[in-house]
1. Residue-wise, which Karplus ³J(HN,Hα) couplings in Hz belong to the stretch 524-529, taking 6.51 cos²θ - 1.76 cosθ + 1.60, θ = phi - 60°, and x for glycine or proline?
2. How would His396, His339 line up by accessible area, probe 1.4 Å, largest first?
3. Pop a pseudo-label 7 angstrom from the Cα along the beta-carbon direction at both Ser475 and Arg390 and give the gap in nm to one decimal.
4. Express in nm, to one decimal, how much length is gained between Thr359 and Met741 on full extension, taking 0.36 nm for each residue of separation and deducting their alpha carbon distance.
5. For the pairs Lys431/Lys540; Lys686/Lys760; Lys379/Lys431; Lys320/Lys427; Lys313/Lys427, note any where the Cα-Cα span goes beyond 32 Å.
6. Between Asp629 and Phe50, what is the label-point separation in nm under the 7 Å Cα-to-beta-carbon projection?
7. For Lys320 and Ala37 in one chain, what is 0.36 nm times their gap in residues minus the Cα-Cα distance, to one decimal in nm?
8. Let me check against my output: what whole-number percent is the relative contact order of the stretch 296-402, with C-alpha pairs under 8 Å and at least 6 apart?
Amino acid sequence: MRRKLPGDAPPSAAGGHASSASAPSEADLAQLSAAIAAGEDLGPFVRRAFACGRPEPLLASLRAAVRDREAEIEELCRAHFHDFIRAVDDLRSLLADADELKGSLSASHSALLSSAAPLLASLESFLAARSLAGNLSSALASSRRCVRLLALAARANAHLQAGNHGLYLALRAVDAIDRDLASGPEPLPLPTLRRMLLSVVPAVRAHAEREISREFSDWMVSIRAASRHLGQVAIGRSAAARQRQEELRSKHRPLEECITLDDDGVGDLDDFAAAAATADAADGAATASFDLTPLYRAMHIHQTLALGERFKKYYLENRKLQLTSDFDVIAATPFLESHQVFFSQITGFFIVEDRVFRTGGGLTSRPDVDALWDAAVGKMVSVMEDNFSRMQTANHLLLITDYAALLSATMRRYGYPVGMLLDVLAKHRDKYHDLLLADCRRQVAEALAADKFDQMLMRKEYEYSMNVLAFGIQSSDITPAFPYVAPFSCTVPDICRIVRSFIEDSVSFMAHGGGGDTYAAVKKYLGRILSEVVDASIQKLVDSGSGLSVSQAMQVAANMSVMERACEFFTRHAAQLCGVPLRAVERGRRDFPLRRSRDAAEALLLRLLRAKADEFMRQSDGVNWMADDPPPGGNEYANEVIIYLETLTSTAQQILPLPVLRRVLVAVLAHISERIVDLFLNDSVKRFNANAVTGIDTDLKMFEAFAEGMSSLFEDSDQESVKNEMKVALVEARQLVNLLMSNSPETFLNPVIREKNYNKLDYRKVAIISEKFRDTSESYFSTFGTRGARQNPKKKSLDTLIKRLREAS
């Protein structure tokens, strides 16, 4: 019979429900039966039934399936009932064997227990011993760990007692303690020791940070004080290197003279490798003179404390503050007094920074150093521009410029850009030279005012060397006997010294801070001092007159001739200082820069000589224009003029160059010729006779003899041309006298004869003078005795000349 299942509904109810719901189809039952037989999941069937809202057919199908299974089970049980009965019987027969086996096992167990009891006791003893050994090993390991930690603590303590040199080792020890406490297999068994060590580790680190920070602060103070000395040493060595380069340049200059140059011939010598290597070695020694160990130690300790980045920032900020405070050096004192300290401090500061950058292991970076340098350059530029704009003394400006140039040279060797500094120096080049020119103008004026314009006397050879040879103004290579009377006055060597000093100052400024082509700039400013200072000062002296006598004016003219040689020396000296071979200077030689003052000096000398000649010519009032006989030795004024000219010439030929002397004599003789003509034109001379003309002819012969005698002085020139030049100076007076003494004066009217013999005469002057000319036969009352006599041909010719000239006018 089928058992009643708990879920089965009463038959009546089932039948009623089945009647109310539609019975499941054969296909649905087949699918459900196949799924149940295959053991498949019935979830889809359930979900589909509930989704459709009709679970009753599904339940009916499931119950039907259950009934079918129960029927199969019953059939199966009826088929195997007898086999089950036989199996139960077999089990009952085996029960006796099981009891026997159980007894045997119990006996074996008892025997095993009795035999294993000693072994179990031994095992328990072994386990207890092993537990004790493990505890002892753990205790020993803990003890060794504690001993190791205490040893590390003791070692750290010993290193701390050793001072800052042991800080790193102490930190290593406490780091080892910290790692042991943090990464140990188990906590330290002694809580007191653990708490002590945990408090000691940060305390040691804090102590190390304080100590190293204190040492670093002390180093910062000491390195600031050392930077000034370091900068002074480095700049001093740069100055020494520059001096060695100049010495090498001077030694190599003869070799440079043998080198073929370009057309312009301008260029400075390159830096010499030996001097540069020596300077670099000196700089290396200078940088080794300061100790960076405290800085490196501080950086290493901070890196050990994992504070490396913070220390880098701290170092950079403190160095910025130090640089800012270094700028304040010039605030309390004038820049002229403090500029060396200011520049030295900055130089030392950046030498230290360069060393730190190269050896500090990344403590500073190139952008950080460049930012500090840019700030320093900006400050130096502003300070120099401000002070340069207010300076009125060239030496002060040169002093600061020279030191700034040395700073630039020093910093360039360390790789710092110095273009802005050199630009500032070049920018104030004109102002410096303007101040220098003003000083030189004052010195030249003082030298001219103090000079009495007498020939300079030198008693010793060193005086000759100092005043003559030093400027190349000697006229001969032979050393003269002493005492030596120079052909110039003391103004010449004084001006030469002033100009030479100007050249040296200009070269110093241009070569070390002026920038550009040194020789071209120096040559430009040399031209300025010669033209604007020397030439203008001498011309001012000459134009003002200042009560100069003839001898003083002659000395001024002689000085100008010597100055012409001095100007050549100035050009050579500037070229030598700039390293330019002399052959380039010879090719580029220009005109004499003092020609205006030279011409003015000669003009002054001529004015004074003409005035002196006029003074003697005014004595011509003693000339007897209607003399009965011609004066046998000429007129008195002519003799005095000749004596004066001979005396003047004997003095002038000792100091004046021959070309100048010749120009002066020619001009004086030409003036005398004019004055002789003016004698005939003078209103006080109403008439004159042939005897007076003969006397003037004698005077002219004396002047011509003097001119011919003077031509022998100019041996280096063509004497014939010099003689002609001297005679040409007297040609107007000579032509007038020849005309008056001619038997046929009317030939003056012939153009050919006039061009040949009387080309210097003005017909108007001839007309006036001819009107005054009367022969002695035309004296008063002489016409009564000669009435009816034949007329004098000369008188007739003269009358014709006068008549024709009167008609022409």
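1. Rounded to whole hertz, the list is 4, 6, 5, x, 5, 5.
2. Numbers: His396 75, His339 5 Å².
Largest to smallest exposure gives the sequence His396, His339.
3. 5.4
4. On the way: separation 382, 0.36 × 382 = 137.52 nm, distance 10.75 nm.
Between Thr359 and Met741, full extension yields an extra 126.8 nm.
5. Values: Lys431/Lys540 24 Å; Lys686/Lys760 24 Å; Lys379/Lys431 21 Å; Lys320/Lys427 29 Å; Lys313/Lys427 38 Å.
The answer is Lys313/Lys427.
6. With each label placed 7 Å out from Cα toward Cβ, I get 18.5 nm.
7. Numbers: separation 283, 0.36 × 283 = 101.88 nm, distance 9.35 nm.
My answer for the length gained is 92.5 nm.
8. Details: 45 pairs, mean separation 26.2, N = 107.
Once normalised by length, the contact order is 25 percent.
The values are calculated or read from the model by the stated rules, or taken from the named source; none is laboratory data. What you see is a predicted model; the values in this text were computed from it and never measured. So basically every Cβ, Gly included, is an ideal-geometry build from the backbone, and we count neighbours across all protein chains shown. Only protein heavy atoms, including side chains, enter the accessible area calculation; ligands, DNA and RNA are left aside. Shrake-Rupley method; radii C 1.70, N 1.55, O 1.52, S 1.80 Å.
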